[in-house]
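Q: Input: one structure, supplied below.
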Amino acid sequence: MCGIFAVFNYPDDVHAFRRRALLLSKRLRHRGPDWSGCKISGNNILCHERLAIVGVDSGAQPLTNEDETIILAVNGEIYNHKTLRKQLRPDTHFKTQSDCEIILHLYSEIGKDVVNHLDGMFSFVLLDTNRNRFIAARDPIGITSLYQGWSSSSPDTVYFSSELKALNEECDKIILFPPGHIYDSLTGETTRYYKPSWWDGEVIPKNPINYTYLRESLENAVRKRLMSDVPYGVLLSGGLDSSLIASIATREAAKLAATQNGFEDDRGVTTWQKLHSFSIGLPGSPDLIAARSVAEFLDTIHHEFTFTLQEGLDAVHDVIHHLETYDVTTIRASTPMYLLSRKIKAMGVKMVLSGEGSDEILGGYLYFHAAPSAADFHKETVSRVKKLHTADCLRANKSTMAWGLEARVPFLDKTFLDVAMSIDPEEKLFKEGRMEKYILRKAFDVSTTGDVRPYLPESVLWRQKEQFSDGVGYSWIDTLKETAEQHVTDEQLANAANVWAKDTPTSKEAYWYREQFESWFPEEACTDSVERWIPRADWGCPEDPSGRAQAVHNAAI
């Protein structure tokens, strides 16, 4: 991951604006502490803050073609870049080993259709000086972050940034750039390029479950995400999703190491002989205990960290600054992840695999128990996947990138999405003898795989869903609520609608977060990019988004 900041069609002297642009780009340097770059062409400027993962010694950005008529700034990873290289003209000259350079050369051959050929997570801006054209695009689900802004004082100027904090003082209109879309200055339109068959939630799929296909598509997703020239690891909460990713990664890393003589690849990059896993929680928390058992089972080099309630509370204000949201459940879960990411980066690790997306795809959250029908269940999964960029993707991206750590999410692989989202929702429903995410668990159970070597201990493979903000220790959310009670009076909460007409807080915790958000981002335009999630009241769900608030939660686990 990296940080990008770009301004197209700047109305005044763009060279005089360079110093200001560099200062705004510097606000993103936590995303890319390894190098900074800036290119000006005409009245356009592109800035980049780099986190070097692939092509470490040669991938500085913005990238340019040989005659510098095309300029590119990218945040992300392109997993199929080697395959795409083979499809280019044989005389194509690459300046770097960066996986992202493929975008530039592919664009020069096929134009903006490049986005339909990329397999990865990305946000990018590209300037074609020959056509006086700039385009911007974001990956299908929004794993990477991207914002677009405008100023009423210069309506023809368009701003892009990886985070809100580089735009809020320059723009009076700011939006979250929509995932799976591309903007083209030639038309001034933003159009959706990602059009999978399952996108229309009204169309209920009827495909029967194929456990082998489901398992292999996830294994392939993990395998391609091990592309790295730097040390990497896995986030391990001890829940099903992160544990499965860790199990698959352990197997795939062993295969990779076996093909590298002395654990060194043909470019001299040394790999870790064993997979490193990382977990965090309050002392004695459910997640720490479960993660420890998984790490022992998988024989990873495990790093277990604890935090105190006070350390968590002290971090909340900074977490809101990095997240750029006031959504309750996102802040609850992001704070431990933010603290863990700092510990991981201090160890010299730059990339981790994480388990986000599974619960949205497979209806794993406990409130899905209340779905009235299979059709309603499916519609909700589609809705949740479409909104991932406002919630779990936002959390995973910004909590880790606050410390220059990249999180990769195999569950959001395009192929795995197509497989899992096309399964008949009757297969996903909670039923007698079937717990949440039954089909995923069954796909990796020895009774299905026939493998004498289990992927996970049964106690973990069949462990009930525990939301991360719960699993780090039940007293974490309780303490947040108690602290909010101390900061917000009954009178303030009763008057909340007069203070905020949009997303009016309905709890003291939500009020407390909203106050802190506006201390960082007081501009009215900043709330347009925020989306708050509340469980389905029409399904009889309580307003509190905690998994513990659901009636089916087993507090003894």
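The values are calculated or read from the model by the stated rules, or taken from the named source; none is laboratory data. Given the structure is predicted, the values throughout are model-derived calculations rather than measurements. All Cβ positions, glycine included, derive from the backbone under ideal geometry; neighbour counts span all protein chains shown. The protein model used for the area step is the full one, side chains on, heavy atoms only, and it has no ligands, DNA or RNA in it. Shrake-Rupley method; radii C 1.70, N 1.55, O 1.52, S 1.80 Å.
Q: What is the Cα centroid distance between the stretch 67-97 and the stretch 482-523, reported in whole angstrom?
A: One Cα centre to the other: 47 Å.
Q: Got a sec? What order do 451, 445 fall in by accessible area at 1.4 Å, biggest, i.e. largest, first? Mind showing how you got there, number by number?
A: Details: 451 50, 445 15 Å².
In descending accessible area the options line up as 451, 445.
Q: Non-local amide H neighbours of residue 408 (under 5 Å, H modeled in plane, Pro and chain starts lacking H): which ones?
A: 352, 353, 354
Q: In what sequence, largest accessible area first, do 227, 347 appear using a 1.4 Å probe? Intermediate results must be reported in sequence, preceding the final value.
A: On the way: 227 35, 347 80 Å².
Output order, biggest surface exposure first: 347, 227.
Q: Semi-axes, largest first, in whole Å: what does sqrt of 5 times each Cα gyration tensor eigenvalue give for the stretch 1-141? Numbers along the way, then the final one.
A: Details: eigenvalues 108, 62, 35 Å².
Equivalent ellipsoid semi-axes, largest first: 23, 18, 13 Å.
Q: Sequence-distant or interchain residues sharing an amide H contact under 5 Å with residue 280, placed H: which?
A: For residue 280, whose amide H was placed from the backbone, the distant partners under 5 Å are 305.
Q: Now for a separate question. What list of ³J(HN,Hα) couplings, whole Hz, do you get for the stretch 8-18 from phi and the Karplus terms 6.51, -1.76, 1.60, once you set θ to phi - 60° and write x for glycine and proline?
A: Calculated HN-Hα couplings, in order: 10, 6, 5, x, 10, 6, 5, 5, 5, 7, 3 Hz.
Q: Dipole magnitude of the stretch 116-221 about its Cα centre, charges +1 at Lys/Arg Cβ and -1 at Asp/Glu Cβ only, in debye to the nearest 20? Mind dumping the intermediate values first?
A: Details: 9 positive and 14 negative charges, 42 e Å.
The calculation lands at about 200 debye.
Q: Summing -39500 (n - 2.57) over the DSSP H runs of n ≥ 4 in the chain and dividing by its residue number, what mean residue ellipticity at 222 nm do you reach, to the nearest 500 deg cm²/dmol?
A: Numbers: 20 runs with 198 residues, N = 557.
That comes out to -10500 deg cm²/dmol.
Q: Which ³J(HN,Hα) values, rounded to whole Hz and listed in residue order, are derived for the stretch 473-487 from phi using the Karplus coefficients 6.51, -1.76 and 1.60 in 6.51 cos²θ - 1.76 cosθ + 1.60 with θ = phi - 60°, glycine and proline given as x?
A: x, 4, 6, 5, 5, 4, 5, 4, 5, 5, 5, 4, 4, 6, 8
Q: So what are the ³J(HN,Hα) numbers for the stretch 27-39, from phi and the Karplus equation (6.51, -1.76, 1.60; θ = phi - 60°), rounded to whole Hz, Gly and Pro as x?
A: 5, 9, 5, 4, 6, x, x, 7, 6, 10, x, 8, 10
Q: In addition: DSSP loop (so not H, G, I, E, B), at most 16 other Cβ within 10 Å: list which trypsin sites (Lys or Arg not before Pro) in the stretch 187-262 pass both filters. Walk me through the intermediate numbers first.
A: Working: sites: 192, 206, 215, 223, 224, 225, 251, 255; in loops: 206, 225.
Taking the stretch 187-262 and a limit of 16 other Cβ atoms within 10 Å, the loop trypsin sites (Lys or Arg not before Pro) found are 206.
Q: I'd like the accessible area for residue 276: 1.4 Å probe, protein heavy atoms, all chains in place, Å² to the nearest 10.
A: Surface open to solvent at residue 276 totals about 30 Å².
Q: Here is a further query. Over all Cα pairs of the stretch 21-75, how is the pair count split among 5 Å bins, expressed in % and running from 0 up to the last occupied bin?
A: The distribution over the stretch 21-75 is 5, 20, 30, 24, 16, 6, 1, given as percents.
Q: Tally up the carbon and sulfur contribution to the accessible surface of the chain as a whole percent, 1.4 Å probe, everything protein left in place. Display every interim value, and only then the final one.
A: Values: 10140 of 20920 Å².
Solvent-exposed carbon and sulfur of the chain make up 48 percent of the total.
Q: Would you mind counting up the charge near residue 427? Only other residues with Cβ under 13 Å from its Cβ, with Lys and Arg at +1 and Asp and Glu at -1.
A: Numbers: positive: 206, 428, 431, 434, 437, 441, 442; negative: 424, 426, 436.
Neighbour charge sum, excluding residue 427 itself: +4.
Q: Whenever you get a sec, line up 297, 134 from highest to lowest accessible area (probe 1.4 Å, protein heavy atoms). Please list the in-between numbers first.
A: Details: 297 85, 134 20 Å².
Of 297, 134, the descending order of accessible area is 297, 134.
Q: Can you give the accessible area of residue 14, probe radius 1.4 Å, in Å² rounded to 10?
A: Rounded to the nearest 10, the figure is 10 Å².
Q: How high is the relative contact order of the stretch 1-134, given as a whole-number percent (alpha carbon pairs under 8 Å, six or more residues apart)? Spell out each step's value before the answer.
A: Numbers: 244 pairs, mean separation 32.3, N = 134.
Across the stretch 1-134, relative contact order equals 24 percent.
Q: Shifting gears a bit: To one decimal place, what orientation-averaged projected area in nm² is obtained for the convex hull of the Cα set of the chain?
A: Working: hull surface 101.0 nm².
Value for the chain: 25.3 nm².
Q: In percent, how large is the relative contact order of the stretch 379-454, given Cα pairs closer than 8 Å and 6 or more residues apart?
A: Numbers: 22 pairs, mean separation 9.5, N = 76.
About 12 percent, as a whole number.
Q: What is the Cα centroid distance between the stretch 121-156 and the stretch 330-406, reported in whole angstrom?
A: One Cα centre to the other: 24 Å.
Q: Near the amide H of residue 120, under 5 Å away, which other amide H atoms are found, from residues 5 or more places off or on another chain, if H is placed in the peptide plane?
A: Counting only residues 5 or more places away or on other chains, the set is 79.
Q: Shifting gears a bit: Could you state the accessible area per residue of the chain in Å², with a 1.4 Å probe and every protein chain left in place?
A: Working: 20920 Å² over 557 residues.
The answer is 38 Å² per residue.
Q: Could you state how much accessible area residue 437 has, in square angstrom rounded to the nearest 10, with a 1.4 Å probe and all protein chains kept in place?
A: Residue 437 exposes around 10 Å² with every protein chain in place.
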